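Note sheet for the following structure.
The numbers here are math on the coordinates, done by the rules we state, and not lab data. Keep in mind the model is a prediction, meaning the values are calculated, not measured. Cβ: placed from backbone, ideal geometry, glycine included. Neighbour counts: every protein chain shown.
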Ligand code: C2E
Ligand code: MG
Ligand code: MG
Ligand code: MG
């Protein structure tokens with residue numbers, strides 16, 4: 001039938017678009033059952049202090065292993081979860097899993113670390129987010145200071161007044177906020193200075209070519225000095241090489257996250273990684 005419509009000129013979908021929407025529908029259906037089928041997992045990627053090589057914390061990153069589709073990238077399934085409303089239950093599960101894991105690590109005697117959890121726009125704007133998070137921390141018995149919530153620049157700046165009210169509420173409850181993918185959106189600096197933000201995460205697109213691209217270097221050092229003037233920390237994402245690390249260190253960036261140090265790891269591997277780093281007292 002699609003062929004016929006095409007011939008008559010009534011089809012607005014190319015075969016490629018059609019294939020994509022079929023996959024999206026399949027993924028949405030499968031995502032509905034992914035939680036109960038235990039196909040979702042949280043991985044942890046270390047965040048490291050450039051000053052002394054200490055692991056300060058981890059970013060929690062969601063993974064979906066589907067028996068048929070294999071590993072589906074969050075870049076593909078998070079938007080599907082957002083459009084279908086599934087992100088609320090999935091996001092709550094990620095928060096709960098990450099906080100419970102942190103509690104296990106604390107009880108096992110790992111050094112205190114902060115776990116950063118990504119929030120989608122829908123979760124962030126949902127009226128009960130601050131209460132939900134506070135109740136969860138109470139229940140799991142993790143002090144609020146060990147949770148960081150990552151919000152993309154786009155979400156924060158989309159409705160800055162609204163975002164500020166939510167950030168103030170979370171900040172009042174002792175929860176840290178960071179701005180993810182910083183530099184890719186359009187920040188109003190007059191809002192940025194009023195946001196209760198602990199850390200700017202420099203997007204990996206600027207980090208990728210800092211060694212060879214003088215414009216990227218200029219952007220990264222401008223972000224670092226801006227953050228420093230506003231009393232915020234900086235973390236560079238996607239650091240893969242020693243050359244990138246050296247430049248970031250020279251510019252006074254506070255932390256790095258990237259394959260240079262470690263990929264995102266399953267919880268048990270992350271724990272071994274931290275213990276090993278403790279034994280070897282790494283430094284740059
Ligand atoms: P993000 O929050 O900006 O996460 C950083 C991404 O960079 C992750 O991709 C991470 O695996 C990747 N990465 C880290 N170091 C390197 C590196 O050295 N080189 C390169 N090339 N990549 C690196 P990932 O895990 O595929 O996640 C993609 C995006 O999906 C995340 O970007 C975030 O926006 C979203 N996401 C992941 N987990 C969640 C979640 O639990 N909730 C929500 N709402 N979004 C999530
Ligand atoms: Mg993030
Ligand atoms: Mg990012
Ligand atoms: Mg991103």
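Apply the a/c threshold of 1.5 to the C-alpha gyration tensor of the range 130-282 and tell me whether it is rounded, prolate or oblate. Each step should come with its number before you reach the end.
Working: a/c = 2.23, a/b = 1.11, b/c = 2.01.
Taking the square roots of the gyration eigenvalues as a ≥ b ≥ c, the range 130-282 is oblate.
Which of the peptides 58-64, 206-212, 140-146, 82-88 is most tightly packed, and how do the rest follow, going by the mean number of other Cβ atoms within 10 Å of each residue? Write down the numbers at each step before the final one.
Values: 58-64: 22.1, 206-212: 18.4, 140-146: 14.6, 82-88: 16.1.
The packing order, highest mean first, is 58-64, 206-212, 82-88, 140-146.
Looking at the chain, send over the antiparallel percent of its DSSP beta bridges, to the nearest 5.
On the way: 16 of 39 bridges.
Roughly 40 percent of the beta bridges in the chain run antiparallel, per DSSP.
Give the span of the range 5-124's Cα atoms along each principal axis, as three whole-Å numbers ordered largest to smallest.
Extents along the principal axes, in whole Å: 68, 34, 28.
May I ask for the distance between the Cα centers of the range 110-126 and the range 214-250, given as a whole number of Å?
22 Å
Compute the angle between helix 267-280 and the longest alpha-carbon principal axis of the chain, please, reported from 0 to 90 degrees and rounded to the nearest 10.
So the inclination is approximately 20 degrees.
Taking Cα atoms, how many degrees apart are the long axis of helix 15-34 and the longest axis of the chain, rounded to 10 and kept between 0 and 90?
The angle comes out at about 60 degrees.
Percent relative contact order of the chain, based on C-alpha pairs within less than 8 angstrom and at least six residues apart?
Numbers: 417 pairs, mean separation 53.2, N = 284.
Worked out over the chain, it gives 19 percent.
Starting from the Cα coordinates of the chain, work out the convex hull volume and express it per residue in Å³.
So the per-residue hull volume is 163 Å³.
Cα centroid distance between the range 25-52 and the range 183-197, in Å?
Centre-to-centre (Cα) distance: 28 Å.
Rank by packing, highest mean first: peptides 25-36, 234-245, 67-78, with packing defined as the count of other Cβ atoms within 10 Å averaged across residues. Could you put the intermediate results ahead of the total?
Numbers: 25-36: 14.9, 234-245: 20.3, 67-78: 12.7.
Packing order, densest peptide first, comes out as 234-245, 25-36, 67-78.
Would you mind ranking 220, 22 by Cβ crowding within 10 Å, fewest neighbours first? Working shown, then result.
On the way: 220 24, 22 10.
In increasing order of surrounding Cβ atoms, one gets 22, 220.
Output the 0 to 90 degree angle, nearest 10, between the alpha-carbon long axis of helix 214-229 and the longest principal axis computed from the alpha carbons of the chain.
Orientation of helix 214-229: about 60 degrees from the principal axis.
When a footprinting reagent is the concern and you count Cβ atoms within 10 Å, what order do 105, 93 take, fewest first? Write out the running numbers ahead of the final one.
On the way: 105 21, 93 15.
The order, fewest Cβ neighbours first, is 93, 105.
Can you work out the FRET efficiency for the pair residue 23 and residue 279, with r the C-beta to C-beta distance and R0 = 45 Å, to the nearest 0.05? If you can, show how the numbers build up before the last one.
Details: r = 45 Å, r/R0 = 1.01.
Efficiency, from the Cβ-Cβ distance: 0.50.
What ranking of 66, 127 emerges when the number of other C-beta atoms within 10 Å of each C-beta is taken as an exposure proxy, fewest first? If you can, show how the numbers build up before the last one.
Details: 66 17, 127 8.
Lowest count first: 127, 66.
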